[in-house]
Every structure is written in C-alpha cells, then in structure tokens.
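In what follows, a structure is listed as structure tokens, so that the remarks can point back to it.
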Amino acid sequence: MKICGFTFIQNAVKYDYPVVASITSILPIVDKFIVSIGNCDDGTLQLIESIKSPKIQIVHSVWDESLKEGGRVLASETDKALAHVSQEYEWAFYLQADEVVHENDLTPIVDAATKYADNKNVDGLLFNYKHFYGTYDYIGDSRRWYKNEIRLIRNNNNVVSYRDAQGFRTKQNNKLRVKKIDASIYHYGWVRHPHEQLKKYNNFSGLWNGIDYQESVLTDKDQYDYFNNTDSIDLFKGTHPAVMHKRISEKNWHIDLDTSQTRLSFKDKLLHKLEKLTGKRFFGYKNYRII
C-alpha cells in the first residue's frame, strides 16, 4: 500500500502560509509528495526546496485568472496537482497549505488506509477538523466551520476537486463513499498577525469575486478585525502538532477573545447547544456518503 501526498501553493512567503509544517507533517507516512507551485512573486520555490526531502517533487503551474470566481481556481489547481500522482499509489493524501496533521494521528491514518486499500467501495477517508482562529489558543466551533472533510482519496482517476476545493466528488458528480476515521486536520488558515491576516484575506477575496476584483490598498496599521468577524469560538484544550511548535513560539501578537459571547441566530444557538451536548452536528452540509 502506497500513499502520495499532494498540494498546491502560491505566494506562501508573502501571505505567511504554514506550508512547510503542512508538508512535513505527513512526510513520514507518504512515499512521495507532489507540490504544485503557482506563479509567485516571492520566495515560495526556495521555501519548499528548503525542506530538502527526496520524497518531494516540485511541479509548476500558472493559475487561470478566468477562474477567479467562486473559488473555482482552487479546485482547478487541486486537480492539476492530483494529475501528477501516478497510478502506482493506491491513495492520494491532499493537504491545503494551511492544514497540518498531528503526529499522534499518523499511525491511525496508515492503519485505515491499509485496511481499506483493497475495498473499492471506499472512495476516501473522512477526517475531523480543528479550525483555529485569531491565535493558536482558540478554535471556531460554530456551524460556519465544517466539522469533517475528505483528505485521503482513492487514486483511481475518477475523483476531482469540488467547487472551491473544500472537498471532492467523482467525475460523474457523485458524492464519494467514505469511512470516517479517528484523525484530525489542524486548520491554521485564520491564525496570523492581524495585519498579515488582512493582507491574506484581501488577496484571497479575489479568488471568489472574479477577475475584476481590486484588492484594497492597505496601510501598515490596517488589521483584520478578529473580534467582530466571528460568531462563536472556544478555547483549544489539546496539543498542537510538533511541526507547528517553532511557528507558535514565534507568535508576535496577542488577542484576547471572549469565548462566552456568541453572534448566532436563535435557530443556530439551539443547534450549537445540541451539538455541544451530543457531539453530533444535525442538518449540516455533507458533501460525502459515510458507509
């Protein structure tokens, strides 16, 4: 049983992506890792080369500006990277550049991949998600944050990225049949210095709002408003992946967020409380079929 990791990245240095931690977090369990680098104007190529792993294969891509609406370009770049995964690998492990796997979850992932390798009814493995917000001390816990998503997919040339690259479907637009496993993806896309987060948010908005979108001109004092742009958060009580420890120790900002305050509708408050009590999310969006 062989696994190939794959990801895509553009301007990782400029927008402070933890892509090195992301890639290195699963290097111990993959036989190869495809990194598709888009047209950059920073030192992204050098950053990836600095990992110095023989498992990493760097490929290059030019992003299609005409797909900068609804996040379609992200799905396109995901598919481009996946296309470089050869048929010798049973599984393809997808990580976005701000997603990291904890070392404690590596063995369960390999065990599940081995268990279902010959079961062609299983199209992918479904992971839990931890979405960090503001700092490394808080996680988003409302329904705006997806609770689960597919990250290990069967490498059968019939799986494609869906919509804005959050998940996957078959080429026939069918939901994948998945097994849920006891492993998590640590998502750090909303953890940066407030100024750096605003820069990234400003740039990222262009991937949804079309080619005519104009980024705002920012001053050095402009910052992302973490306080008023969330609806519900909680304190993180676990441990971070070891590959993130250096980055966490270098954090140069401080934010105190109030976990007791929520900005939820009456309906969402009830569903949020029910989820807290049961651990289950009712009536949530699911782009997969658990079997």
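Just so it is clear, none of the values below were taken in a lab; they were calculated from the coordinates. Please read all numbers here as calculations on a predicted model, not as lab measurements. Because the Cβ atoms are built from the backbone with ideal geometry, glycine has one as well, and the counts that use them run over all protein chains shown.
Key figures for this structure:
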quantity: Under-5 Å amide H pairs with Gly5, H placed in peptide plane, nonlocal only; calculated: Asp31, Lys32, Phe33, Ile34, Phe93
quantity: In region 49-139, GluC sites (Glu not before Pro) in a DSSP loop with at most 15 other beta-carbon atoms within 10 Å; calculated: Glu88
quantity: Paramagnetic reach from His254 in region 181-207 [backbone N under 19 Å; point 7 Å along Cα→Cβ]; calculated: 192-196
quantity: Hydrodynamic radius of region 73-197 per Kirkwood, over alpha carbon pairs, in Å; calculated: 15.4 Å
quantity: Rounded FRET efficiency, nearest 0.05, which uses the C-beta distance separating Asp79 from Ser265 and R0 of 30 Å; calculated: 0.25
quantity: Size of electric dipole in the chain: Cβ of Lys, Arg +1 and of Asp, Glu -1, about Cα centre, debye, nearest 20; calculated: 1300 debye
quantity: Distance (nanometres) between label positions extended 7 Å along Cα→Cβ at Leu218 and Val59; calculated: 3.1 nm
quantity: Karplus-derived HN-Hα couplings along region 202-210 (A = 6.51, B = -1.76, C = 1.60, θ = phi - 60°), whole Hz, x at Gly and Pro; calculated: 4, 5, 5, 4, x, 7, 10, 10, x
quantity: Förster radius 22 Å - calculated FRET efficiency between Ala117 and Ile290 (Cβ-Cβ, nearest 0.05); calculated: 0.75
quantity: Length gained when the stretch Lys180-Asn158 is fully extended (0.36 nm per residue, less Cα-Cα span); calculated: 5.9 nm
quantity: Gain upon complete extension [Asp42, Met1; 0.36 nm per residue less C-alpha separation]; calculated: 11.1 nm
quantity: Rel. contact order, % - alpha carbon contacts under 8 angstrom, at least six apart, the chain; calculated: 21 percent
quantity: Gain in span if fully extended, Asn228 to Thr278, counting 0.36 nm per residue against the direct Cα distance; calculated: 15.2 nm
quantity: Vicinal HN-Hα couplings computed from phi for region 38-51 (Karplus, 6.51 cos²θ - 1.76 cosθ + 1.60; Hz; Gly/Pro x); calculated: x, 5, 10, 10, 9, x, 4, 4, 5, 4, 5, 5, 5, 5
